[in-house]
Amino acid sequence: MAFPALTILPLSVTIIGAAFAIVIFNHYFSTRRRPHELMWGIAFLLFAVAAATQVYADVTGGWTPLLGRTYYLAGAVLNVGFLALGTIYLLFPRRVANLVFGIVLLLTLASTFIVFTVPVDAGALAIKGNVDWKAFFSVDTTPRWLAALFSGIGSIMVIAGALWSGLVFWRKGIMRQRMIGVFLLAAGTLIVGLGGTLKGALHSDDFLYPTMAVGVVIMFIGYLQTIRTSPAIQASTVQPAPERTPTSH
């Protein structure tokens with residue numbers, strides 16, 4: 001079975017996304033199980049799933065409706081939304097984050113149902129190579145609005161969260177690592193979004209997977225920054241040795 005040369009790009013995103021998701025999930029289950037890590041792990045896994053569908057379609061010689069629907073749901077609709085949800089859990093009170101989680105969960109269920117039931121343009125899917133996202137809204141535009149909702153609002157939340165946290169942490173002089181991490185997450189999100197925009201404008205994946213690979217790596221570096229312990233916190237956890245009182249001899 002032939003292995004197309006251009007498949008190296010989505011394959012690299014598959015491996016990178018899956019590896020990073022494993023690292024995040026491992027840290028989540030082995031520590032205090034912080035919700036933002038779980039959401040980010042899901043987001044990285046979704047990046048890997050979307051890229052994996054491209055790899056499978058390249059290797060097997062074409063797209064099927066099931067592959068295309070999975071690609072669209074994971075890559076165009078859900079991933080940035082879960083990335084934003086993780087940022088909300090990191091920066092906002094748990095009560096607020098739980099409320100947003102409930103909304104995202106309902107939208108995820110609705111999106112899954114819609115994407116897997118909406119009519120698909122078989123002609124667009126039959127084109128060998130890059131899948132045309134218009135195959136999913138040539139008849140019904142609902143998936144298009146779902147992608148805009150998740151990606152648009154999700155990107156705004158990630159970027160706004162980065163700016164807000166940067167201002168707060170900078171003014172208070174605290175949590176420098178977390179501030180850097182959130183900024184890197186926002187930068188990675190913008191880079192991935194740029195690839196999706198170029199795909200839609202040029203109808204080509206030539207820029208999609210390189211930008212996705214770079215963006216996912218930057219986001220993972222940002223995640224690593226958020227779990228670093230600041231020197232101030234480290235110093236505060238070191239208990240000074242008790243003073244020895246002089247004894248009389």
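The values are calculated or read from the model by the stated rules, or taken from the named source; none is laboratory data. Values in this document were obtained by computation on a predicted structure and should not be read as measured data. All Cβ positions, glycine included, derive from the backbone under ideal geometry; neighbour counts span all protein chains shown. Side chains are part of the model used for accessible areas, which takes the heavy atoms of the whole protein and leaves out ligands, DNA and RNA. Shrake-Rupley method; radii C 1.70, N 1.55, O 1.52, S 1.80 Å.
Observations on the structure shown:
- Considering the conditions (1) touching a helix residue (DSSP H, G or I) at 6+ places or on another chain (Cβ under 6 Å); (2) under 18 Å from Leu208 (Cα atoms), Glu37 is excluded by exactly one of them, (2).
- Test: residue in segment 82-98 that is open to solvent by less than 10 Å² (accessible area, probe 1.4 Å), in a helix (DSSP H, G or I), hydroxyl-bearing (Ser, Thr, Tyr) and within 21 Å of Ala160 (Cβ to Cβ): yes
- Counting only residues that are at pLDDT below 75 and part of a helix (DSSP H, G or I), segment 170-211 holds 9 of them.
- There is at least one residue in segment 103-112 that is in a helix (DSSP H, G or I) and small (Gly, Ala, Ser).
- Segment 2-35: number of residues that are within 18 Å of Phe220 (Cα to Cα), modelled with pLDDT under 90 and open to solvent by 80 Å² or more (accessible area, probe 1.4 Å): 1
- Residues that are within 19 Å of Leu194 (Cβ to Cβ) and surrounded by fewer than 19 Cβ atoms within 10 Å (Cβ to Cβ), drawn from segment 151-181: Gly152, Ile153, Ile156, Ala160, Leu163
- Hey, Val131 outside any helix (DSSP H, G or I), at pLDDT below 85 and either polar (S, T, N, Q) or open to solvent by 50 Å² or more (accessible area, probe 1.4 Å) (or both) or not: no
- Close pairs from segment 45-62: first hydrophobic (A, V, I, L, M, F, W, C), partner open to solvent by 30 Å² or more (accessible area, probe 1.4 Å) and modelled with pLDDT under 85, Cβ under 7 Å, at least 6 apart: Val59/Met1; Val59/Phe3
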